[in-house]
Amino acid sequence: MVAALGAVALVVALSLACFGPEPAGPVPAGAGDRSGWASLGWLALVPVVATIVSAACLVVATVVAPTPAPALAAGVATVPWALLAVVAIAVRLVAQPGLGADVPDELVEVRWPAYLAIAGAAAVLAGAWRALADERTDTVQARAQTERALAVRGAPRPAPPPQDGPS
């Protein structure tokens, strides 16, 4: 759920005005407010969009799949994309290339949605990383898989857990 909330925060933040002209400074031509989608650039948008899509796949796989395998595969795909997205957004926040309108960096104001975007990408990274620990050993499918593995090796079935109360 952390990855899902992070992906939603990332989409919302990038849809808002992340960068704009400094209010106290002169406003050069072409230096209006820019959303995150418009100001990141295509090279940074690739990992951001891949992060959002892979986070959605992670959520669906976790909720729908009866075994943890699809969720683990989605988590393995999400972690590097989310890491790249965090780095891409952080570089954009630090290096502010003048809103893409040849405006000096001093005249660019970073707004709160830009910080929400990096927090959303970090939340996707943290949620995907945590999802990699999903083992779900208490499901019917996990128990059946363990029994099949033991049967293949010729090992006896494990003893049932002790029952509470009189027998």
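Please indicate, with yes or no, whether at least one residue in region 76-87 is at pLDDT 80 or above and touching a Cys at 6+ places or on another chain (Cβ under 6 Å).
no
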Checklist entry - Taking region 41-56, which residues are crowded, with 16+ Cβ neighbours inside 10 Å and of a type in the set (Gly, Ala, Ser)? => result 44, 50, 54, 55, 56
Checklist entry - So which residues in region 51-76 are free of Cβ contacts under 8 Å to residues at least 60 places away in the same chain, in a helix (DSSP H, G or I) and farther than 12 Å from residue 124 by Cβ? => result 60, 61, 63, 64, 69, 70, 73, 76
Next on the checklist: Give all pairs with beta carbons closer than 7 Å in which a residue from region 120-136 that is in a helix (DSSP H, G or I) meets a residue that is hydroxyl-bearing (Ser, Thr, Tyr); count only pairs at least 6 apart in sequence or on separate chains.
Outcome noted: 121/51; 124/51; 124/78; 128/78; 131/62
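The values are calculated or read from the model by the stated rules, or taken from the named source; none is laboratory data. Not measured: the values here are computed from a predicted model. Counting neighbours? That spans all protein chains shown, and the Cβs are built from the backbone with ideal geometry, glycine included.
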